[in-house]
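Undergrad: Have a look at this one.
The values are calculated or read from the model by the stated rules, or taken from the named source; none is laboratory data. These numbers come from a predicted model, not from an experiment. Because the Cβ atoms are built from the backbone with ideal geometry, glycine has one as well, and the counts that use them run over all protein chains shown. Side chains are part of the model used for accessible areas, which takes the heavy atoms of the whole protein and leaves out ligands, DNA and RNA. Shrake-Rupley method; radii C 1.70, N 1.55, O 1.52, S 1.80 Å.
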Amino acid sequence: MTISVPAAPYDFELDPASTALVIIDMQRDFLYPGGFGSLLGNDVALLQTTIAPLQRVLAAARAAGMAVIHTREGHRPDLTDAPPAKLARGRLACGIGDPGPFGRILVRGEEGHDIIDELAPAEGEPVLDKPGKGAFYATDLELLLRNRGITRLVVTGVTTEVCVHTTVREANDRGFECLVLADCVGSYFPEFHEVGLKMIAAQGGIFGWVAPSAALLEQLPVPTTTIA
Ligand code: TIU
């Protein structure tokens, strides 16, 4: 079954059987008040707008039989997989590995590092731990996608110009076609979000496609959970 999603710069065609929904770094440390993101002085409300549309997309993707892959940015408790440059960057009083309101910041196994309750992974959905901004760097994401015959990605999550952009660029260079859902990605900087989306679809889709989530949802079967 191929569906056609109205998008910029032109329709994005996908078959749910060969498409994965990738949900990037929807972690408490980035999204919840008091977490790492807000400790840095950011307004997490700007990211929280992605939660409700992403819940709808996640339900629809599951109902359509699409592969769903979650990622988390973070590090081993001993921080041996964190480049010293990343740890030093920003000269932060409270940075990666330091104790924060939700446990040690961006450390695997800590409450803040895990995915928000609203988008909890279901049984069997891979949760990929990544040490970098891109989801392909130092992970087995590419292997996992190729083994499943996946050629197209619907990309969502945070933040638009950092981990989402890096992942879309990595995917594009590897030959994967990416559709980014504009209302399911968010940034602490509204202007970066706007321009970041434009950069993806410019020049005939230099990195991929951009569409509102409604454009995809209108083409997918209605999840049975919303009918009851
Ligand atoms: N996931 C992700 O984007 N990590 C970041 O550090 N983002 C920022 O915008 N800082």
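Undergrad: Placing unit charges on C-beta atoms (Lys and Arg positive, Asp and Glu negative, everything else neutral), compute the dipole magnitude of segment 16-217 about its Cα centre in debye, rounded to 20.
TA: Details: 18 positive and 24 negative charges, 79 e Å.
Computed about the Cα centre, the dipole is about 380 debye.
Undergrad: Report the semi-axes of the equivalent ellipsoid for segment 1-56 in whole Å, largest first, where each axis is √(5λ) for an eigenvalue λ of the Cα gyration tensor. Intermediate values should be presented prior to the final figure.
TA: Numbers: eigenvalues 203, 31, 16 Å².
Taking √(5λ) for each eigenvalue gives 32, 12, 9 Å, largest first.
Undergrad: Check cross-link reach from LYS133 to the aspartates and glutamates: straight Cα distance under 12 Å, and skip same-chain residues fewer than eight apart.
TA: Filter leaves ASP25, GLU73, GLU161, GLU170.
Undergrad: Roll a 1.4 Å probe over the protein heavy atoms and report the accessible area of PHE207 in Å², nearest 10.
TA: Taking all protein chains as shown, PHE207 has close to 40 Å².
Undergrad: Now for a different question. Sorted by packing (mean other beta-carbon atoms within 10 Å per residue), highest first, where do 112-124, 169-181, 79-91 land? Walk me through the intermediate numbers first.
TA: On the way: 112-124: 14.9, 169-181: 19.7, 79-91: 11.9.
Put in order of decreasing packing, that is 169-181, 112-124, 79-91.
Undergrad: While we're here: Provide the three semi-axes, in whole Å and in decreasing order, of the ellipsoid equivalent to the chain as defined by the square roots of 5 times the Cα gyration tensor eigenvalues.
TA: Numbers: eigenvalues 158, 67, 61 Å².
One finds semi-axes of 28, 18, 17 Å for the chain.
Undergrad: OK, next. In segment 16-217, what percent of the accessible surface is made up of carbon and sulfur (1.4 Å probe, ligands and nucleic acids excluded)?
TA: Values: 4540 of 8280 Å².
About 55 percent, which is the carbon plus sulfur part of the accessible surface.
Undergrad: Let me ask something else about it. Using the charge dipole of the chain (Lys, Arg: +1 at Cβ; Asp, Glu: -1 at Cβ; taken about the Cα centre), state which of MET66, TRP209, THR139 has its Cα farthest towards the positive end.
TA: Checked the options; the winner is THR139.
Undergrad: How much length is gained if the chain between ASP129 and ALA85 is pulled fully straight, taking 0.36 nm per residue apart and subtracting their Cα-Cα distance, in nm to one decimal?
TA: Numbers: separation 44, 0.36 × 44 = 15.84 nm, distance 1.94 nm.
Separation in residues times 0.36 nm, less the Cα-Cα distance, equals 13.9 nm.
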